[in-house]
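I have a structure here, written as structure tokens, and I will follow up with some questions on it.
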Amino acid sequence: MAYILSIETATTNCSVALSNKGETLVLKEDNDPNYSHAESLHSIIDAVLTEAEVSKSQLDAIAVSKGPGSYTGLRIGVSAAKGLCYALELPLIAISTLEALAHQVQAEDGLIIPMLDARRMEVYSAIFKTNYELLREIEAQILDETSFQAELNGSKVYFVGSGVEKTKRIISHENAIFIENKLPSAAQMGAMAYVKYKKSDIVDVAYFEPFYLKDFMVKKKA
């Protein structure tokens, strides 16, 4: 057995999955636009384990979405994952939020661009081949009509994630395929985490921090 509990809280989707040897057994999600992760995450974790009839003592590892994404969401998810690892003496596995999002697309050719909505016309994005090999590192970028033109001129491009809505309004190209209404989910994390688990590709529970990409900005009250 290799039970891995995966936690995804980088966006409004509070998602938890239990997998065994990379196969998802139970998945539960709560997509609340008000970011109620602090109130719901631990109850979702308990519900997943109860449905699977697996106790916390049977877990072999915890996987957590490392970002980029919501500052508050990432903090909640990572804090919960660390707490479980400390209490149960389990290894912690960090999964790229955008790489997991890219795994929601299955295609034979072309490129996959997972993107998360940031402020105004900005997105967090990366570029992957359809075998999920990373071609371009994660960036925070301002979108305009010329964005991703080189990629679009060379092949089909699958855009996926919360940044799709703003992207499809300004990018028009015959090779652009917009996959709407998709958010990062723990459903894809189990298989990715199991690969890392077998290689002991883990992070230090004490020092691990989410990948925010940009510094957290506190707005001053008017």
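Please list 3J(HN,Hα) in residue order for segment 93-110, calculated via the Karplus relation 6.51 cos²θ - 1.76 cosθ + 1.60 where θ = phi - 60°; whole Hz, with x for glycine and proline.
Coupling constants for segment 93-110: 10, 9, 10, 4, 4, 6, 5, 4, 5, 4, 5, 6, 9, 10, 8, 7, 8, x Hz.
Which GluC sites (Glu not before Pro) in segment 150-179 sit in a loop by DSSP (not H, G, I, E or B) and have at most 14 other Cβ atoms within 10 Å of their own Cβ?
E174
Name the helices (complete DSSP H segments) of the chain with a Cα length along the long axis of 15 Å or more and a Kyte-Doolittle mean of at least -1.0, or state none.
Those that clear 15 Å and a mean of -1.0 are 37-52, 71-88.
Continuing with the same structure: Starting from the Cα of K182, draw a straight line to each of the lysines and keep only those under 20 Å, dropping any in the same chain fewer than 8 residues away.
Of all the lysines, those that pass the test against K182 - Cα under 20 Å, at least 8 places apart if same chain - are K28, K66, K129, K156, K166, K168.
While we're looking at this one, here's another question. Per residue, how big is the convex hull of the chain when only Cα atoms are used? Give it in Å³.
So the per-residue hull volume is 129 Å³.
Given the rule -39500 (n - 2.57) for each run of at least 4 DSSP H residues, summed and divided by the residues of the chain, what is its mean residue ellipticity at 222 nm, to the nearest 500 deg cm²/dmol?
-8500 deg cm²/dmol
Along the charge dipole of segment 105-179, pointing to its positive end and built from +1/-1 on Cβ of Lys, Arg, Asp and Glu, which listed residue (F159, A118, N131) has its Cα farthest out?
Positive-end residue among those listed: A118.
Right, something else. Mean shadow of segment 30-82, computed from the convex hull of its alpha carbons, in nm²?
4.0
Separate question: Relative contact order for segment 105-179: what percent, with Cα pairs under 8 Å and sequence separation of 6 or more?
Reported relative contact order: 33 percent.
Something else about it: Name the trypsin sites (Lys or Arg not before Pro) in segment 114-222 that are in a loop by DSSP and that have at most 14 other C-beta atoms within 10 Å, would you?
When the trypsin sites (Lys or Arg not before Pro) of segment 114-222 are filtered for loop state and at most 14 Cβ neighbours within 10 Å, R119, R120, K199, K214, K219, K220, K221 remain.
Further question: Any idea what the relative contact order of segment 73-130 is, in percent, if you count C-alpha pairs under 8 Å spaced at least 6 apart?
It comes to 25 percent, rounded to a whole number.
Bear in mind these aren't lab numbers, they're just calculated from the coordinates by the rules spelled out. As the structure is a prediction and not an experimental result, all values here were calculated from the model. Here Cβ is always computed from backbone atoms with ideal geometry, including for glycine, and neighbour counts include all displayed protein chains.
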